[in-house]
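Read through the structure below, which is laid out as structure tokens, and then see the notes.
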Amino acid sequence: MKEDLPGPQHVLSLGTRCFVARSLELMHWRRYASPFDWIYSSAQMVRHCIEDDFVSFLDATELEKAGHAWAHRSYARMLGRQVVFPHHYPLDRDREHFQRAVRRCRQVLLSEERKLFVFMHLVTSRKELANVRDVESSHGSNLREVQELFQTLQSKVAKFHLLVVYVIQGASKWSRGASELSCRQPVHITSSESSMQKLNIFEAHCQGSCTGLKFKEPHDQMLLQTLLRSAGGPLDPAADPLPDRFHMQSQRRKTRICFNLEAASAAQTGTKTVHSPQRRKRRRKVTVTKVAGVGGQKRKADVEDAKREDDDVVIVSVSTTVKPGVTSVTSGAPEVRAAPVGKPRGVLDIRVALRSLRSVPGVTRTESQPQQGKKRLWEDVESDHER
């Protein structure tokens, strides 16, 4: 597919699964977060967000708990599923992240620079494939909904290219008419173009399956990246339109996170210690251990800083199912129980909240050495997708 116009400057994911944002990251095209990164979405939902300027998207009254994840009343009906935010806490902890992502998206939509919008929908069955192809179906990402999304963008956005890909997993095994050649090459469905506003729709027939984040067959990931490069052409993604950060969360994640136990003894005496920013940065360290045989094998855990410096919570992200009590802060102190939050048996992240030792009675020792015979598990934490 040849691109006659100069390469787009801004690249935004419109969903509908996590693998879209991850694909852009692997290509170094994702310079900042989109509101639709790492959540479930559909063409109908994206169109509604653009039409009402994300008012409903940010409406806290629409949010409700859905097990260990979060739902959105209006968009759950559009998606036909209860969970909309599987990895975030949009009502409190991650609300600031989504507010910033929306402000950024608004600026990009109003920009005169070219934009590449990437919308990929994962098709997992013959029935769903028939529904997305049928313009009369009620599927939120069928061809009719995609065309309506394109029309909405035409009325509000200048200089853009909307790339739509129906990613059909395991197509070589069950999709009708999927030849060996079609499993190696994307199938172009339709296109539309007018006044520097372009739409291209493809079907990508994958050999293997997709977890929602990763493809089990490396060839399938390469297939999507090739398609993205053909759509974007020579591309130098623009920088974040909101360069001035109003919080230091990402900077704190780039450092080794420290948490000194002397706060526990200060809490017992009723005194409050005040540290300079340099002292505070050095003392934020946590030692994390996992008991072997409970909740999976031992492995390193990425330790994220608390959202606010006054929080008594440290977030630990691990990649195996964790049961209450298997993670603890050591240093000769009594074991601190951990309560798993987020997805109960998640394949992406299980976030474990560790209660601060400030709330543990009887802790007077301040040394930070791990107990004998247990492995000290910590590592430098790189900035993640909540940029």
(message) Give me, ordered by chain and number, the residues 5 or more places off VAL167 or on other chains with an amide H under 5 Å from its own placed amide H.
(response) HIS121, LEU122, VAL123, ALA204
(request) For the pairs LYS115/LYS214; LYS127/LYS216; LYS159/LYS214, note any where the Cα-Cα span goes beyond 29 Å. (result) LYS159/LYS214
(request) Using R₀ = 35 Å, calculate the FRET efficiency as 1/(1 + (r/R₀)^6) where r is the Cβ-Cβ separation of GLU64 and SER138; round to 0.05. (result) 0.90
(request) Only Lys, Arg, Asp and Glu count, each charged at its Cβ (+1, +1, -1, -1), so figure out the dipole size of segment 10-232 about its Cα centre, rounded to 20 debye. (result) 400
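Coordinate-derived values only; no laboratory data. Being a predicted model, the structure only gives us computed values, none of them experimental. Every residue, glycine as well, gets a Cβ built from its backbone with ideal geometry; the counts of neighbours run over all protein chains shown.
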